[in-house]
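The values are calculated or read from the model by the stated rules, or taken from the named source; none is laboratory data. Since the structure is predicted, the reported quantities are computational estimates derived from the model, not experimental observations. Heads up, the Cβs are rebuilt from the backbone with ideal geometry, glycines too, and the neighbour counts pull from every protein chain shown. In case anyone asks, the SASA skips ligands and DNA or RNA and just uses the protein heavy atoms, side chains included. Shrake-Rupley method; radii C 1.70, N 1.55, O 1.52, S 1.80 Å.
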Amino acid sequence: TAVQHDVDLKIIVMANNWLGMVREVQARQYGKRFIGVNLDGSPDFIALAKAYGFEALRVTNEQEADVAIQKLTEPKGRLLVECIVAPDEATM
């Protein structure tokens, strides 16, 4: 839709291969019995974004984050930024 209607859009995906908040609740309240929270098999968000005509960046370190932040502040264009987050990083 953004491409069809020439809408400038910025998307940030925080990727840790888990439903983070649900996993944390299951860890704290249900003895780490994780059910339905693993997202292995998620699509390649970078390839998917590019297939739809978006510029796309993957952020794995601070230097890449600096580049992504600069691009996110540009007023024009469509951009997806996938930030790789440690699987055990707290969400709350």
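Per DSSP helix of 4 or more residues, -39500 (n - 2.57); summed, then divided by the residues of the chain. What does that give at 222 nm, rounded to the nearest 500?
-8500 deg cm²/dmol
For the range 24-92, run through the trypsin sites (Lys or Arg not before Pro) and keep only the ones in DSSP coil with at most 14 other Cβ atoms within 10 Å of their Cβ.
Lys32, Arg33, Lys76
Once you order the gyration tensor axes a ≥ b ≥ c over the Cα atoms, which shape class does the range 38-92 get: rounded for a/c under 1.5, otherwise prolate or oblate by comparing a/b with b/c?
Oblate, because a/c is 1.5 or more while a/b does not exceed b/c.
If you count only protein heavy atoms and use a 1.4 Å probe, how large is the accessible surface of Thr91, to the nearest 10 Å²?
70
Ordering Glu64, Glu89, Glu24 from largest to smallest accessible area (1.4 angstrom probe), what's the sequence? Intermediate results must be reported in sequence, preceding the final value.
Details: Glu64 70, Glu89 105, Glu24 25 Å².
Descending accessible area places them as Glu89, Glu64, Glu24.
Nearest 5 percent is fine: what portion of the DSSP beta bridges confined to the chain is antiparallel?
10
Between Asn17 and Lys50, how many nm apart are label points set 7 Å from Cα along the C-beta direction?
Output for this residue pair reads 2.1 nm.
Could you count how many Lys pairs in the chain have their Cα atoms under 27 Å apart, skipping same-chain pairs fewer than 8 positions apart?
5
For Tyr52, Tyr30, give the ranking by accessible area with the largest first, probe 1.4 Å.
Working: Tyr52 150, Tyr30 110 Å².
From most accessible down to least: Tyr52, Tyr30.
Measure nothing fancy, just the Cα-based angle from helix 20-29's long axis to the longest principal axis of the chain, in degrees from 0 to 90, nearest 10.
Once rounded, the angle reads 10 degrees.
Considering only protein heavy atoms, with the full assembly of protein chains and a 1.4 angstrom probe, order Val37, Val85, Val7 by accessible area, largest first.
Details: Val37 0, Val85 40, Val7 65 Å².
Highest to lowest solvent-accessible surface, that is Val7, Val85, Val37.
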